[in-house]
Each structure stands twice: as structure tokens, then as C-alpha cells.
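Trainee: Have a look at the structure that comes next, please.
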Amino acid sequence: MEQLIFDAILKKIQQEPKPQPRPKTDIKQIVDLAANAAINKGLIWEHGELEAAAMDAIFNCPGALLMGKKGTGKTLCLELAAKIWGYYRGKYGFISTEKLSLKYSQIGSEAILNLDRIPLFLDDLGIEEPSYNSYGNKIDAISTLLLMRYENKAPTFCTTNLNIEQLTERYGDRLSDRFKQMFKIVLFTGESKRK
């Protein structure tokens with residue numbers, strides 16, 4: 001019986017189409033598009049090598065984690081990348097982890113069910129409450145979502161104000177170890193640009 005189940009699973013895996021590698025994206029063009037998108041929003045996007053590295057990680061890697069202090073431009077960079085992604089590559093999701101966790105606490109697992117495969121842009125990783133009571137169970141919605149996305153090899157792009165040690169403390173060794181495969185880390189340095 002177990003052999004039949006194993007054979008059926010193996011056959012299904014072999015029939016699934018293999019993901020094709022994406023062609024390398026021209027980052028100069030992406031940065032120019034992002035700068036124009038910022039202008040259209042009435043913003044001036046101060047960008048340089050760091051922002052270009054973030055765009056390169058987002059458009060040419062399986063995932064990206066933009067880390068740094070508050071106000072260093074991570075969220076704006078992620079928002080602009082998401083807009084360009086949507087325009088050129090189609091469907092995506094953009095949400096803060098705090099809002100997603102709150103939504104999960106209100107409606108349960110339905111909040112994350114459709115987010116396990118589409119490209120997802122998550123803002124402020126680690127700021128959300130660690131767990132919510134859902135139908136009598138304490139579940140960490142963001143950890144659950146990130147583990148599902150890891151298993152599905154879904155493109156995931158995040159910002160965080162936490163460092164690696166804080167992320168490990170927040171999400172545990174099991175998930176933070178998987179971050180090494182999920183994300184190319186881009187460290188945003190400097191002080192807050194907010195005035």
C-alpha cells in the first residue's frame with residue numbers, strides 16, 4: 001500500500017512542469033522605472049548602488065530580504081519594486097506582516113491560503129504579534145506562511161528592521177535557517193532619511 005502511495009506521489013511530481021529560469025533583468029532599466037514610479041507618486045526617490053542592489057536581488061534572485069534601521073528606504077524600495085513587478089510580471093501580493101497577522105486573527109487560515117505561491121512582498125517582517133488565537137489554537141501566521149512559501153519555492157521579498165539574531169529569536173532556528181536559501185540579504189545602511 002505504501003509503495004502505491006509513493007509511486008502515485010512520484011508520478012505526480014514527474015508530471016508537474018519544471019519552473020523555467022527567469023532571464024536576467026536589466027537593473028538599470030528597473031531603477032529608472034522605479035524612479036519614474038516614485039515621481040508619479042509625488043516622491044523623490046534617493047537611490048544609488050544600495051537601491052540598485054536591492055532591485056537586483058528582487059528581480060534576479062528567488063527572494064530578497066532588505067534589512068536595516070528604520071527610515072533607510074527599504075519599504076519605498078519594496079513598494080516601487082512591487083509596482084514594477086506587477087506591471088511586467090503580473091499577479092503579486094503586497095502587505096505588511098502586521099496587517100496580515102491581524103487579518104489572520106480575524107478570519108483564520110483563509111487569510112494566507114492564496115498567498116502560498118504568488119510572488120509576495122512582505123513589509124516589516126518581525127513587527128507583527130508572535131501568535132494569534134485562531135479557533136482556540138495559537139498559531140504564528142507569518143511563520144506558517146513563510147514555511148509554506150519555502151516548501152513551494154515561492155518568490156518572497158521582505159523588509160525588516162531586525163538583524164539576523166533578532167529574526168532567529170523571533171522565528172526560531174528552523175525557519176531562520178531556511179532564510180539562507182529563501183533570501184538574498186541586502187543591508188540598508190545609514191541613518192533615517194525621514195525629516
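Trainee: In what sequence do D123, D173, D116 fall when counting other Cβ within 10 Å, fewest first? If you can, show how the numbers build up before the last one.
Mentor: On the way: D123 22, D173 9, D116 15.
By the 10 Å Cβ count, ascending, the order reads D173, D116, D123.
Trainee: Can you check what the Kirkwood hydrodynamic radius comes to for segment 65-159, Cα pairs only, in Å to one decimal? Kindly include the intermediate steps, with their values, before the conclusion.
Mentor: On the way: mean 1/r = 0.0727 Å⁻¹.
For segment 65-159, the Kirkwood estimate is 13.8 Å.
Trainee: What share of Cα pairs, in percent, lie more than 22 angstrom apart in segment 25-188?
Mentor: Values: 5325 of 13366 pairs.
Tail of the P(r) past 22 Å holds 40 percent of the pairs.
Trainee: Over 19 Å between Cα atoms: which of K103/K138; K74/K195; K70/K103; K28/K83 fall into that group?
Mentor: Working: K103/K138 15 Å; K74/K195 16 Å; K70/K103 24 Å; K28/K83 16 Å.
Correct reply: K70/K103.
Trainee: Further, regarding this structure: Contour minus end-to-end for D32 and Q106, with contour as 0.36 nm per residue of separation and end-to-end as the Cα-Cα distance? Don't jump to the answer; show the numbers that get you there.
Mentor: Numbers: separation 74, 0.36 × 74 = 26.64 nm, distance 3.97 nm.
My answer for the length gained is 22.7 nm.
Trainee: So, one more: Kindly state, to the nearest 0.05, the FRET efficiency for E191 paired with Q166, given R0 = 22 Å and r defined as their beta-carbon distance. It would help to have the intermediate numbers written out before the result.
Mentor: Details: r = 19 Å, r/R0 = 0.87.
E between E191 and Q166, to the nearest 0.05, is 0.70.
Trainee: With the crude spin-label approximation of a point 7 Å out along Cα→Cβ, what separation in nm comes out for E151 versus D173?
Mentor: For the pair E151/D173, the computed spacing is 2.2 nm.
Trainee: What order do you get for I127, I30, I39 when you list them from fewest to most C-beta neighbours inside 10 Å?
Mentor: Working: I127 16, I30 21, I39 11.
With the fewest neighbours first, I127, I30, I39 line up as I39, I127, I30.
Trainee: Considering only DSSP beta bridges where both residues belong to segment 25-188, give the percentage that are antiparallel (nearest 5). Walk me through the numbers before you get to the answer.
Mentor: Details: 3 of 20 bridges.
Of those bridges, close to 15 percent are antiparallel.
Trainee: Among E128, E169, E191, rank each residue by its count of other Cβ atoms within 10 Å, from fewest to most, as a rough exposure measure. Spell out each step's value before the answer.
Mentor: Details: E128 22, E169 13, E191 9.
Fewest-to-most ranking of E128, E169, E191: E191, E169, E128.
Just so you know, all these numbers are worked out from the coordinates, no wet-lab data involved. Keep in mind that this is a model prediction, so the values were computed, not measured. Glycine gets a Cβ as well: all are built from the backbone with ideal geometry, and neighbour counts include every protein chain shown.
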